Amino acid sequence: MRELILVIEDEEKILNFLRRGLIYEGYRVETAADGTAGLASARDNPPDLVILDWMLPGIDGLEVCRRLRAASNVPILMLTAKDAVSDRVQGLDAGADDYLVKPFALDEVLARLRALLRRAKPEAPEILTFGDLRLDTGTHQAFRGDRAVELTAKEYELLELFLQHPRQVLTREVIYDRVWGYDFGGESNIIEVYVRYLRQKTESEGEPRLLHTVRGVGYVLRETA
């Protein structure tokens, strides 16, 4: 069953926009138009994630955030028109996991939502293999044959993505979304840089290349022809 998202937002237009978009993406959605109703909904039907507006009638979003955080570790994405650094700090200090300034695009909401849900529900550890390449998702250790491959956090995330989709061409857009989320724009060369790092580390003793470029599309993990 798909995740349940609780949207607490008093602007009807934004509330309906989010509800329709989330339902279209396959999520289950509960809504509330004020802080009191939102807290009651979270108590009676615990959500997997909360999208919370800062400016709410009655109990404001910061106080709702504090009460939600005191009761559970549910991921909280806060929405607000306030864009000063001090405001963002205040929201995060209240217990929000992420912060989005209005107006926003639905795609950005979805990307942040997916990132928060991934962090909240880590998958059971497993050993991912392709040829002589192995990755332990529990210890984050990588091996090429018997040789250990030291990876940074982002290198690990990128290699894990490729190992989860062997022989499947992954577009730049998919890689951005799954590994970097909303942090980089489509014109950044960050993917090329990290693919180069992975190639250097997995081929350092002359092993055959496994990460291949598909020109104009993206990258694929496959055997060397």
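The values are calculated or read from the model by the stated rules, or taken from the named source; none is laboratory data. Remember, predicted model here, so these are calculated numbers, not experimental data. Here the Cβ positions follow ideal geometry from the backbone for every residue, glycine too, while neighbour counts run over all protein chains shown.
With at pLDDT below 85 and of a type in the set (Ser, Thr, Tyr) as the only criterion, which of Ser41, Ser86, Ser72 stands out?
Working: Ser41 fails: at pLDDT below 85; Ser72 fails: at pLDDT below 85.
Sole residue among the options that is at pLDDT below 85 and of a type in the set (Ser, Thr, Tyr): Ser86.
Output the residues belonging to the stretch 180-196 that are exposed (fewer than 15 other Cβ atoms within 10 Å of the Cβ) and at pLDDT 90 or above. Show your work before the answer.
Restricting attention to the stretch 180-196, the residues satisfying the condition of being exposed (fewer than 15 other Cβ atoms within 10 Å of the Cβ) are 183-189, 192-193, 196.
Result: Glu192, Val193, Arg196.
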Residue list for the stretch 115-157, restricted to those being surrounded by 15 or more Cβ atoms within 10 Å (Cβ to Cβ) and of a type in the set (Asp, Glu):
Glu155, Glu157
Quick one: would you say Glu160 is surrounded by 12 or more Cβ atoms within 10 Å (Cβ to Cβ) and either modelled with pLDDT of 95 or more or not in a loop (DSSP other than H, G, I, E, B) (or both)?
yes
Quick check on this structure: which one of Thr36, Thr31 is in contact with a Gly (Cβ under 7 Å, 6 or more places away or on another chain), more than 15 Å from Ala94 (Cβ to Cβ) and not hydrophobic (A, V, I, L, M, F, W, C)?
Thr36
The condition of being out of contact with any Pro (no Cβ under 8 Å at 6 or more places or on another chain), among the charged types (D, E, K, R) and farther than 20 Å from Ile23 by Cα holds, among Arg112, Arg43, only for Arg43
May I ask you to say which residue of Glu157, Glu207 is out of contact with any His (no Cβ under 6 Å at 6 or more places or on another chain) and without any contact (Cβ under 8 Å) to a residue 24 or more places away in the chain?
Glu157
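Where in the stretch 101-150 are there strands (runs of 3 or more DSSP E), lying wholly inside it, with at least 3 residues that are not β-branched (Val, Ile, Thr)?
Answer list for the stretch 101-150: 133-136, 141-144.
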